[in-house]
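Asks: Please read through the structure below; I'll follow up with questions.
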Amino acid sequence: MFRQIILVLALVALAQSRRMKLVPKWARIGGSLNRCSIGAKGIWGVNKNQDIFHMAGGKWKHIKGKLVHVSSGRHVWGVNKADNIYIHRGGHKWQHIGGKLTNIDCSNRGHVWGVNRQQHIYRRHGRGWAKIDGAAIQASVGFAGVWVVNKIHNIYHRKGTFGDRPGNGAGWIHIPGKLQWVASGHGVVVGVNKAHNIYYRTVDPRHPVGTKWVHVPGKLIQIDVHGNTVVGVNVQNFIFKAPLAKA
């Protein structure tokens, strides 16, 4: 029994120490989206007409409803053009959730963060929303913790959230660089800037904010990451994916 416990602890430590890099072998996925998300619930996205799609069996399945942004994690969350918030309840069913957000993200452990039109930051807490200090236009929550970008594209990491921990965290760490979109993965953070250039940052428990951004070939306006896969869309609404590898 003791050996089994040691083995489990070793495997947990190995998973937590995962360090990854983005390999820019971009492959196009059929379809047209202006927002896409990848997570525990698979690949989801919305197009310029606010139609919702889910990748099932290698094909896009249209899901009833209208959203401007969708997030795939332990659950699927989304917001519409009126800033209303919804959670997917299976099939074509969406449940309206109180509050107003323009951007939302759900981790694989079910932690939900978002921002509203006033750039206020919120975390889902029980049946309500806890207001977090700071200001942002986009937020991402994952194993690398909570990352946000603000209106002048400054980048911040929420201290105390690495490992997809619950709670509010404690304070923001300013990260050098400029991004218009950031995504928190496992062992890596990815992002794109206003010139549509693509970057990644390797992170681990000893270096929860990493040390540098690495530029890779390609052009995207929005990006997401889950497991060993990065997905994103470009200015033509084409959809692409690329793999991660050990750093």
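Asks: Residue by residue through region 215-231, which ³J(HN,Hα) values in whole Hz follow from phi under the Karplus form 6.51 cos²θ - 1.76 cosθ + 1.60 (θ = phi - 60°), with glycine and proline marked x?
Replies: In residue order, the calculated couplings are 7, 10, x, x, 9, 9, 9, 7, 8, 8, 8, 7, x, 10, 10, 10, 10 Hz.
Asks: Among TRP147, TRP213, what's the order by accessible area (1.4 angstrom probe), most exposed first?
Replies: Solvent-accessible surface, decreasing: TRP213, TRP147.
Asks: Compare the peptides 104-110, 235-241 by average per-residue count of other Cβ atoms within 10 angstrom and give them in order, highest first.
Replies: Put in order of decreasing packing, that is 104-110, 235-241.
Asks: Further, regarding this structure: Run the numbers for GLN118 and LYS61: contour at 0.36 nm per residue of separation, minus the present Cα-Cα distance, in nm.
Replies: 17.2 nm
Asks: Looking at region 154-198, which trypsin sites (Lys or Arg not before Pro) are in a loop (DSSP not H, G, I, E or B) and have at most 11 other Cβ atoms within 10 Å?
Replies: Loop-located and lightly packed - LYS194.
Asks: On average over all directions, what projected area in square nanometres does region 36-85 have, based on the convex hull of its Cα atoms?
Replies: Result: 3.2 nm².
Asks: So, one more: Using Cα pairs under 8 angstrom and six or more residues apart, how large is the relative contact order of region 75-128, in percent?
Replies: Answer for region 75-128 is 26 percent.
Asks: How many percent of all Cα-Cα pairs in the chain sit more than 32 Å apart?
Replies: The proportion of pairs with Cα distances above 32 Å equals 16 percent.
Asks: Please give, to one decimal in nm, the separation of the simple spin-label points placed at ASN49 and GLN236, each 7 Å out from Cα toward the Cβ.
Replies: Calculated label separation equals 2.1 nm.
Asks: Using the Karplus curve 6.51 cos²θ - 1.76 cosθ + 1.60 with θ = phi - 60°, work out ³J(HN,Hα) for each residue of region 20-28 in order, rounded to whole Hz, and write x for Gly and Pro.
Replies: Result, ordered by residue: 10, 9, 8, 9, x, 8, 6, 10, 7 Hz.
Asks: Continuing with this model, one more query. Carbon-plus-sulfur fraction of the accessible area of the chain, 1.4 Å probe, in percent?
Replies: 55 percent
Asks: How charged is the neighbourhood of ARG201? Take every other residue with its Cβ under 10 Å from the Cβ of ARG201, and add Lys/Arg as +1 and Asp/Glu as -1.
Replies: Net charge around ARG201: +2.
Asks: Ranked by accessible surface with a 1.4 Å probe, highest first, in what order do MET55, MET20 come?
Replies: Listed by decreasing accessible area, they come as MET55, MET20.
Asks: Taking the Cβ of ILE223 as the centre, find all other residues whose Cβ is under 12 Å away and add up their charges (Lys, Arg: +1; Asp, Glu: -1).
Replies: Once positives and negatives cancel, what remains is +2.
Asks: Keeping every protein chain present and rolling a 1.4 Å probe, give me the accessible area per residue for the chain in Å².
Replies: 49 Å²
Asks: What order, most packed first, do the peptides 57-66, 31-40 have when packing is the mean number of other Cβ atoms within 10 Å of each residue?
Replies: Those peptides, ordered most packed to least, come out 31-40, 57-66.
Asks: Now a separate question. So what is the relative contact order of region 124-247, in percent, for Cα pairs below 8 Å that sit 6 or more residues apart?
Replies: 16 percent
The values are calculated or read from the model by the stated rules, or taken from the named source; none is laboratory data. Here the structure is a predicted model, which means the values were calculated and not measured. Note that each Cβ is placed from the backbone with ideal geometry, even for glycine, and that neighbours are counted across all protein chains shown. Note: accessible area is taken over every heavy atom of the protein model, side chains too, but ligands, DNA and RNA are not part of it. Shrake-Rupley method; radii C 1.70, N 1.55, O 1.52, S 1.80 Å.
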